[in-house]
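Trainee: I'd like to ask some things about the structure below.
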Amino acid sequence: MQVWNDYQQQHQQRFLDELMDLLRIPSVSANSAHQADTARCAESVQQALLSAGCDLAEVCPTAGHPIVYAEKIIDPALPTVLTYGHYDVQPPDPLDLWTTGPFDPQIRDGKIYARGACDDKGQMFMHVKALELMHKTNTLPCNLKFIIEGEEEVGSTNLGSFLEANKDRLKADIVLVSDTSMISMEHPSIETGLRGLAYMEVEVTGPNRDLHSGVYGGAVANPITILCQMIASLHDENNHITVKGFYDKVLELNGAEREALNKAPFDLDEYKNELGVKADWGEKGYTALERTGVRPTLELNGIWGGYIGEGAKTVLPSKAYAKISMRLVPHQSSHEIAQLFTAHFQSLAPDSVQVKVTEHHGGEPVVTPTDSIAYQAAEKAIEQTFGKKPIPTRGGGSIPIIALFEKVLGLKTVLMGFGLDNDNIHSPNEKYDVANFFKGIETIPHFHQNFAALSKA
Ligand code: BES
Ligand code: MN
Ligand code: MN
């Protein structure tokens, strides 16, 4: 619509400036030293939603970081879209690998560099500006509700109970989320699934204290060696996961489904080049798109123990640790997999060590429908602004709360994300293309318009 384009054009510099202000707030949810910043960020989001046109915007305290809830109800008879996003960000470390400070946003080559630029402040803020645009041009076609949380990166611990406690208030027709990626600007796509997550921490204890590695080494098990052996056995020679029962509930895709999935444009050589690896890796018999989209995986996220300071210290450590996460696909349950892992890992331990396994936050996998009016609304919106019909893809990441929107509120989700896989989310030099930011603001009003029109039909 011309009025939308005109409005965006007139205000685009301010949109960008406002995003940069939001990116300056180090709202790192994992780090308690940033608690005040996180609270300040919630207030900024609240103010932004109010000035964009919401009738109501509240900062709702939780046992952890606050949730921002807002709404703009124009007519109860019209459909309601519930937009979800998060204002918290991942820790920025390692700091020395950033070209410019993670909370000192800079634009280089048409890209905004900052922690949260893509995940998820940049993408969440597109929805705030899309509301402003529709509100100021008197073209809002439906009711809007917003949940912008501050604990997504630490497992959305308090959002589930917020949904339970506010079922009535959160009544809506669909959940719309921009917190995923698309293939490229030339190949727009919509993720139609997210993997679940089971996250474990293991502790292996050998002797009851650190020992001199010469005096005792050779006669007492070294917990680091044992841990490494246990970890190495978690994949077999085909890179299949060996945890007993792990694949029991995994559905094999049929030939047609696999073919459709592998039709997405993907260049393995480019992929390897861009990542600086000579060869790809993974479960035998599956393509890279399948390995990251529809197959479950097990990754080591961290491993430590013993002496890692300067110089050499000859020590046989008492303890060794690792953080291990598993990405799950439909029908696998996070807690069930955590239990299978625990039993399996315990069974691997020789008598020379003791093993403690603990379960961290997790989340369930989701598949979003492609035969719904909400999907059609998104598909058409992208076609209207990109000039191309989006390809449905399966994303490898996780957004644990999405399964709960369905379970608690009975709501389906559309994942209309505008990030790119190489936006360096969770990595140094996270970025978001200015063009994607503006394209998102342009596309979102079309979604609302299409969804309202299709709901009426
Ligand atoms: N936005 C991401 C998830 C994502 C990224 C989905 C790219 C699809 C494509 C989200 O903020 C995230 O990082 N989630 C975590 C899980 C959470 C429990 C820490 C993840 O996927 O590791
Ligand atoms: Mn995110
Ligand atoms: Mn994230």
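The numbers here are math on the coordinates, done by the rules we state, and not lab data. Just so you know, these numbers come straight off a predicted model, no measurement behind them. Cβ placement follows ideal geometry from the backbone for every residue including glycine, while neighbour counts extend to all protein chains displayed.
Trainee: Which FRET efficiency, nearest 0.05, do LEU56 and GLU164 yield, Cβ-Cβ r, R0 22 Å?
Mentor: Once rounded, the FRET efficiency stands at 0.60.
Trainee: Among TYR321, HIS331, ILE382, flag the residue with its Cα farthest along the positive direction of the charge dipole of segment 298-457, charges on Cβ as +1 for Lys/Arg and -1 for Asp/Glu.
Mentor: Positive-end residue among those listed: ILE382.
Trainee: Can you tell me the FRET efficiency between THR287 and GLU406 if r is taken as the Cβ-Cβ distance and R0 is 25 Å, rounded to the nearest 0.05?
Mentor: Efficiency at R0 = 25 Å is approximately 0.30.
Trainee: Separate question: Check segment 204-326 and count each lysine pair with an alpha-carbon distance under 23 angstrom, considering only pairs eight or more places apart or from different chains.
Mentor: Values: LYS244/LYS284; LYS244/LYS323; LYS249/LYS284; LYS263/LYS272; LYS263/LYS284; LYS272/LYS284.
Eligible lysine pairs with Cα atoms under 23 Å apart amount to 6.
Trainee: Magnitude of the Cβ-charge dipole of the chain, K/R +1 and D/E -1, about the Cα centre, nearest 20 debye?
Mentor: For this selection, approximately 320 debye.
Trainee: Follow-up. At a 10 angstrom cut-off on C-beta neighbours, averaged per residue, how do the peptides 312-324, 2-14, 125-137 rank from highest to lowest?
Mentor: Ranked by mean Cβ neighbours within 10 Å, highest first: 125-137, 312-324, 2-14.
Trainee: Bins of 5 Å, beginning at zero and ending with the bin holding the largest distance: percent of Cα pairs per bin for segment 289-425, please.
Mentor: 2, 7, 13, 16, 15, 13, 10, 8, 6, 4, 3, 2, 1, 0
Trainee: Continuing with the same structure: How much length, in nm to one decimal, is gained on full extension between SER427 and GLN12, taken as 0.36 nm per residue of separation minus their Cα-Cα distance?
Mentor: 146.7 nm
Trainee: Let me ask another. Under 28 Å between alpha carbons: how many lysine pairs meet that in segment 398-457, if sequence neighbours fewer than 8 apart on the same chain are excluded?
Mentor: Eligible lysine pairs with Cα atoms under 28 Å apart amount to 5.
Trainee: Also: Once the Cβ-Cβ distance between SER347 and ASN208 is put in as r, and R0 is 22 Å, what FRET efficiency do you end up with, to the nearest 0.05?
Mentor: Values: r = 23 Å, r/R0 = 1.06.
FRET efficiency, SER347 to ASN208: 0.40.
Trainee: Over segment 83-230, what number does the Rg to Rh ratio reach, with both radii from the alpha-carbon atoms and Rh per Kirkwood? Don't jump to the answer; show the numbers that get you there.
Mentor: Details: Rg = 23.4 Å, Rh = 20.2 Å.
Answer for segment 83-230: 1.16.
Trainee: How long is the chain along each principal axis, judged by its Cα atoms, biggest number first, in Å?
Mentor: The Cα atoms of the chain stretch 79, 51, 45 Å along the principal axes, largest first.
Trainee: Cross-link partners among aspartates and glutamates for LYS167, C-alpha distance below 17 Å, same-chain residues fewer than 8 apart left out?
Mentor: In chain and number order, the partners are GLU58, GLU71, GLU149, GLU406.
Trainee: Enumerate the amide H contacts of THR83 below 5 Å, restricted to partners 5 or more residues apart or on another chain; note that Pro and chain-start residues carry no placed amide H.
Mentor: LYS145, PHE146, ILE147, LEU176
Trainee: Now for a different question. Roughly how many whole Å is it from the C-alpha centroid of segment 59-87 to that of segment 435-457?
Mentor: 18
Trainee: Now a separate question. Cα atoms only: what Rg and Dmax, in Å, come out for segment 350-454?
Mentor: Calculated on Cα positions, Rg and Dmax stand at 18.6, 67 Å.
Trainee: Next question, about the same structure. What whole number of Å gives the distance from the Cα centroid of segment 21-52 to the Cα centroid of segment 207-244?
Mentor: 43
Trainee: Considering only the other residues whose Cβ falls under 10 Å of the Cβ of LEU404, what net charge follows from Lys and Arg at +1 and Asp and Glu at -1?
Mentor: Computed value for this residue: -2.
Trainee: Moving on to the next point. Taking the Cβ of PRO330 as the centre, find all other residues whose Cβ is under 11 Å away and add up their charges (Lys, Arg: +1; Asp, Glu: -1). Walk me through the numbers before you get to the answer.
Mentor: On the way: positive: ARG195, LYS249, ARG394; negative: GLU364.
Combined, the nearby Lys, Arg, Asp and Glu give +2.
Trainee: May I pose another question? Hey, quick one: spin label on SER372, modelled 7 Å out along Cα-Cβ, who in segment 133-155 has an amide N within reach, i.e. under 17 Å?
Mentor: Label zone hits: 143-147.
Trainee: Something else: Which percent, nearest 5, of DSSP beta bridges in the chain are antiparallel?
Mentor: Details: 47 of 68 bridges.
Counting DSSP beta bridges with both partners in the chain, the antiparallel share is about 70 percent.
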